[in-house]
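Some notes on the structure that comes next.
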There are 2 protein chains.
Amino acid sequence: MDIMTNGTWLNDQESQAWKYLVGLLFRLPPVLEGQLQREEDLSFADYMVMAMLSENTNEGVRMTDIGGLVKMAQPRLTRIVTKLEKLGFVTRTNSPEDRRVVIAQITPQGLSKLEQAAPGHVDHVRRTVFDHLTPQQVENLLEIGQALLDSGDPELSMQSHCANSPVAP
Amino acid sequence: MDIMTNGTWLNDQESQAWKYLVGLLFRLPPVLEGQLQREEDLSFADYMVMAMLSENTNEGVRMTDIGGLVKMAQPRLTRIVTKLEKLGFVTRTNSPEDRRVVIAQITPQGLSKLEQAAPGHVDHVRRTVFDHLTPQQVENLLEIGQALLDSGDPELSMQSHCANSPVAP
DNA sequence: TAGAAATGGTTGAACTGTCAAGTAGCGCAT
DNA sequence: ATGCGCTACTTGACAGTTCAACCATTTCTA
């Protein structure tokens, strides 16, 4: 029995780490979502997209680039930006250079919504996450995140939904 | 203006770590989901619940206890178990001692489904996660997971959905 | 300079998750 | 014992996500 905790597959350390990681994957998103939803009527993904856009106020950002930075799949992104546009927090324009490309840009209203939401959100993140971690652990977390997301693994580094060739080109 | 990456709220280290953690929260679940869905027609949550139940083949497990172990909210759990029951992978019985309590138990079919799914899934987890981490990083990950989930924080340790008192009793 | 393949983005259908409200059973106080 | 409150779980309504198929545009290739 104990299908996933021993055997030749994952050693003790790994399977324990796995359980905790899965716990975080299940628990953290609803918790983050909750605060923003209650207090600002924004989803966590909405917030992250706007935060991302707020770092490029002038130029705007291509859809795909948002996806790469926020690690979201395209359809999800489309719907989020559509929603944010309806709310007046974001504009979309077709790039003149490449007319397939859509460029999203945050509006003043979006920016002020974000500025209004940020303190509460960051506070919540601090209390939920960083208050429980030592600086060393924060550094370790950063390192682990890099190891996984910057590994070049096609599944994790985005494009996942179309990369299926087992051995590559 | 870099709403979430500097200022008095999160220092550089923290906000970088935060970005990577968020990346994992967005990316990992779809990736894990995908493999199981394609190859076994199971959701990741389905799999975790069954894996959990497979560790207590004899007695069965109370709904709430599953939630505590797999870190899932109750409504989600109810629907998953309902689905698994329809598929014949799980049975539910009302506890005779306390008739509010529902006890879920994995069936032989559920067990064999799990055993069939496990190799591919574990393989995928290994390739996606553990192949990119050193043993030291795995240990660090475990420690971070513990720090967050076992912190006693009501939001993270479940019950989150009813704890709203800002300062506590 | 066609035509084929690839890229960027959107959309429809099905599913899953969340919140809030609801039912049922237990337990303690009067 | 009757009523109040708590616990365990379920359900309805809604919003969000995913996969797959789609259209439009660009780029490669012959």
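Largest first, please: the extent of the C-alpha atoms of segment A:70-161 along each principal axis, to the nearest Å.
46, 36, 20 Å, listed from the longest principal axis down.
Based only on Cα atoms, what mean projected area does the convex hull of chain A have, in nm²?
Quarter of the Cα hull surface area: 13.4 nm².
Note down the magnitude of the dipole of the protein assembly as shown about its Cα centre, charges +1 on Lys and Arg C-beta and -1 on Asp and Glu C-beta and zero elsewhere, to the nearest 20 debye. Don't skip to the end; give the middle numbers.
Working: 30 positive and 44 negative charges, 266 e Å.
Using Cβ point charges on Lys, Arg, Asp and Glu, the protein assembly as shown gives about 1280 debye.
Report the dimensions of the protein assembly as shown along its three principal axes from the alpha-carbon atoms, largest first, rounded to Å.
63, 60, 39
Take the Cα atoms of segment B:12-97, find their three principal axes, and give me the spread along each one in whole Å, biggest first.
55, 32, 22
Compute log10 of I(q)/I(0) for segment A:91-144 with the Debye formula, placing one identical point scatterer on every Cα and leaving out solvent, at q = 0.22, 0.26, 0.29, 0.31 Å⁻¹, to two decimals.
-0.81, -0.94, -1.03, -1.08
Can you give the mean number of other chain Cβ atoms that lie within 10 Å of the Cβ atoms in peptide B:125-131? Working shown, then result.
Values: counts 8, 4, 2, 5, 11, 9, 4.
Partner Cβ neighbours, averaged per residue: 6.
Name the residue from A:M52, A:L111, A:L25 whose Cα lies farthest towards the positive end of the charge dipole of segment A:25-149, charges +1 on Cβ of Lys and Arg and -1 on Cβ of Asp and Glu.
Towards the positive end, the residue furthest out is A:L25.
Ignoring ligands, DNA and RNA and using a 1.4 Å probe, state the total buried accessible area between A and B in Å², rounded to the nearest 100. Don't skip to the answer; put the middle values down first.
On the way: alone 11900 and 11920 Å², together 16600 Å².
Accessible area lost upon association: around 7200 Å².
Considering chain A as a Gaussian network with a 10 Å cut-off on Cα pairs, which listed residue, A:D131, A:D98, A:D65, attains the greatest mean-square fluctuation?
Among A:D131, A:D98, A:D65, the largest mean-square fluctuation in the Gaussian network model of chain A belongs to A:D98.
Quick one: accessible area per residue over chain B, 1.4 Å probe, rounded to a whole number of Å²?
Heavy-atom accessible area per residue stands at 49 Å².
Across chain A, where is the longest run that never hits GluC sites (Glu not before Pro) in a DSSP loop with at most 10 other C-beta atoms within 10 Å?
The segment A:98-169 is the longest one with no such site.
Leaving out ligands, DNA and RNA, what percent of the accessible area of segment B:19-152 is carbon and sulfur, probe 1.4 Å? Don't skip to the answer; put the middle values down first.
Working: 2960 of 6070 Å².
Here it works out to 49 percent.
Can you check what the net charge comes to around B:H124, using other residues whose Cβ is under 12 Å from the Cβ of B:H124 (Lys, Arg +1; Asp, Glu -1)?
My count for the surroundings of B:H124 gives -4.
Could you please report the charge total around A:E40, scoring K, R as +1 and D, E as -1 over all other residues with beta-carbon less than 10 angstrom from its beta-carbon?
-1
If you place +1 on the Cβ of every Lys and Arg and -1 on the Cβ of every Asp and Glu, how big does the dipole about the Cα centre of segment B:13-152 come out, in debye to the nearest 20?
Approximately 540 debye in magnitude.
Between chains B and A there is a rotation axis; tell me the chain B residue with the nearest beta carbon and how many whole Å away it sits.
With distances in whole Å, chain B gives B:N140, 2.
The values are calculated or read from the model by the stated rules, or taken from the named source; none is laboratory data. Small disclaimer: the values here were computed from a predicted structure and weren't measured. Cβ sites come from the backbone with ideal geometry, for glycine too, and all protein chains shown count toward neighbours. To get the accessible areas, we keep the full protein, side chains included, count just its heavy atoms, and leave off ligands, DNA and RNA. Shrake-Rupley method; radii C 1.70, N 1.55, O 1.52, S 1.80 Å.
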